[in-house]
1. Restricting the search to the stretch 380-406, which residues are open to solvent by 20 Å² or more (accessible area, probe 1.4 Å), more than 8 Å from the ligand (Cβ to nearest atom), in contact with a strand residue (DSSP E or B) (Cβ under 9 Å, 6 or more places away or on another chain) and within 16 Å of Tyr479 (Cα to Cα)?
2. Quick test for you: out of Ile372, Ile357, pick the one residue that is touching a strand residue (DSSP E or B) at 6+ places or on another chain (Cβ under 8 Å), at pLDDT below 95 and of a type outside the set (S, T, N, Q).
3. Across the stretch 131-152, what is the total count of residues that are open to solvent by 60 Å² or more (accessible area, probe 1.4 Å) and either at pLDDT 95 or above or not in a helix (DSSP H, G or I) (or both)?
4. List pairs: first residue in the stretch 105-125 and over 13 Å from Ala77 (Cα atoms), second residue open to solvent by 40 Å² or more (accessible area, probe 1.4 Å) and in a helix (DSSP H, G or I) anywhere in the structure, Cβ distance under 6 angstrom, at least six positions apart or on different chains.
5. If a residue must be within 15 Å of the ligand (Cβ to nearest atom) and either aromatic (Phe, Trp, Tyr) or free of Cβ contacts under 8 Å to residues at least 24 places away in the same chain (or both), how many such residues does the stretch 349-379 contain?
6. (1) within 15 Å of Tyr113 (Cβ to Cβ); (2) among the charged types (D, E, K, R); (3) free of Cβ contacts under 8 Å to residues at least 40 places away in the same chain: which one isn't true of Lys72, the others all being true?
7. Looking at the stretch 435-464, which of the residues that are more than 8 Å from the ligand (Cβ to nearest atom) and touching a residue at least 24 places away in the same chain (Cβ under 8 Å) is nearest to Arg378 (Cα to Cα)?
8. Go through the stretch 465-480 residue by residue and tally those that are open to solvent by 20 Å² or more (accessible area, probe 1.4 Å) and more than 9 Å from the ligand (Cβ to nearest atom).
Amino acid sequence: MKKRLLRYLNPIAQLGNRQYSLAFPLLTTASMAILLEVWAYIFADNPDAVGIFAIILFVLLIVYFAFHDGLKGGFFASLVTILYYFYIIYTRGYSGERLSSSIILTLGLGVVYLILAFIIGWLRQKIDSLLEKEANEKKRFQAIIQQLPVGIIVTDARGTIEFANKNADTILSTKVPIGFTVGEKFFVKVLDSKPSPSTQSLLAKALSTGKPVINEEFSILNKNGKKVFVEASVSPIRNSKNTIIAAAEILNDVTLQREQEKRKDDFINMASHELKTPLTSMKLYLTALKSKLPSNGDRRSLKTLESIVYQTDRLQNLVNDLLDVSRLQTGKLSFHKERLDLGEVIKDIAEELQPSIPHKIEIRQSVKKLPILADKFRINQVLANLITNAAKYSTSEKEIVIKMTRDKKTALVSVKDFGIGIEKEEQKKIFERLYQATDPQSKKYSGLGMGLFISREIIKGHRGKIWVESSKDKGSTFYFSLPLA
Ligand code: ADP
């Protein structure tokens, strides 16, 4: 109660409150006049003692009420003051010159008081309307954020949560604690996150690094004990001087997508396993059949059989790629590393592929030995993919160039073609799973967009790097580097 009264009396605390009182300035100013009169007549025993007090005290009252109650407050405080001044003139029995000069002074002061009250009262009301406008804007903005179909959490520059919408509560299955400061600990228990556990506090990360965090994923258990996958992005918000003033996090529940992806992955995994067994048997029967056909026998049958073997090989490669993608998804692709000479591996695979490729594969080796510790089968897979791609995407050209170099610690291989090339913005994406830069609908180039994804994972598994340099219509050079053994 006392606090409320003090708050009411404090004019600064009243800013933004557009309820201007009439009774408060009127009653207080009148009471002050009565008190001053009582003091002058009874305690000071001199009616003229009000003199300077009647000016100072009432100017202060007018300023106060104009600020406290706007134009209305200032106007009525001034009015009471002027009336009080006339009352003084009347009760003190002035006459002649003194009377006329007092009336002129009172009228003059009255005008000054009214102008003062008007300026201060007008300023007060202007500030109020600006504050109200801002508050309305804020409310409107909060209503929009509240109803957005994503979860939103906003913190100040120190990471203290200032605002969270209902969707954030729903997605995180908890009431987001306003006032909580995000640090290394997050306010929800994160089950796992990619790529590192530090993503637990994405807000803290974005604030400390000053960089946005884009599409990081973590999972949590909801109230029913069900695993929920959450995708989050955080932006540090800066003012015009580039200082971070806040951070905003956007949360998306991606559980449905992840479940669908898992079902698709499970299906691919199952289908490729189911296809692998009959295909292996088919290949065995075909090889047996081919060996039974005399090489100088029916040439048409032999040719047909060879095409069946070729198509079965293609099918087997596809199924193997599908299996590899599944293994990579589940982290089950393992490597059997041995000491190899990369130069030899490249020569062998080029020799093996040359008969099935119309381009001339040219090998330029500037160093003698390239010893590496690697899985021969998997490195062959990478090279075969790069060479067959180079041929596939440069049908009207005649040459593929493979170069090998080394520095102190790494071997560097490049496979260059002079074909269709790849647009700059596609160059990173082609290493993603099932991504095809060429329009898959056009069916101009066969393929499923798995080769480069598998190659990248194989090279990563050998602590190497793979990348591409390319210009549209001029050709592409794919590079990979591997640590030397
Ligand atoms: P795909 O089976 O489609 O060839 P990859 O993963 O091997 O799958 O390649 C992904 C995409 O990258 C291809 O669809 C193609 O658009 C592009 N690409 C790969 N190699 C080349 C190349 N040498 N020249 C041009 N585009 C290429």
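The values are calculated or read from the model by the stated rules, or taken from the named source; none is laboratory data. Computed from a prediction, not measured in an experiment: that's the story for all the values here. Positions of Cβ are generated from backbone atoms using ideal geometry, with glycine treated the same way; all protein chains shown enter the neighbour counts. Calculation scope for accessible area: heavy atoms of the full protein, side chains included, ligands and nucleic acids excluded. Shrake-Rupley method; radii C 1.70, N 1.55, O 1.52, S 1.80 Å.
1. Across the stretch 380-406, the qualifying residues are Lys403, Thr405, Arg406.
2. So the residue among Ile372, Ile357 that is touching a strand residue (DSSP E or B) at 6+ places or on another chain (Cβ under 8 Å), at pLDDT below 95 and of a type outside the set (S, T, N, Q) is Ile357.
3. Within the stretch 131-152, residues that are open to solvent by 60 Å² or more (accessible area, probe 1.4 Å) and either at pLDDT 95 or above or not in a helix (DSSP H, G or I) (or both) number 2.
4. Listed pairs, sorted by first residue: Arg124/Phe67.
5. Qualifying residue count, the stretch 349-379: 0.
6. Only one criterion is unmet by Lys72, namely (3).
7. Ranking the qualifying residues of the stretch 435-464, first place goes to Ile458.
8. Going through the stretch 465-480 one residue at a time, the tally reaches 9.
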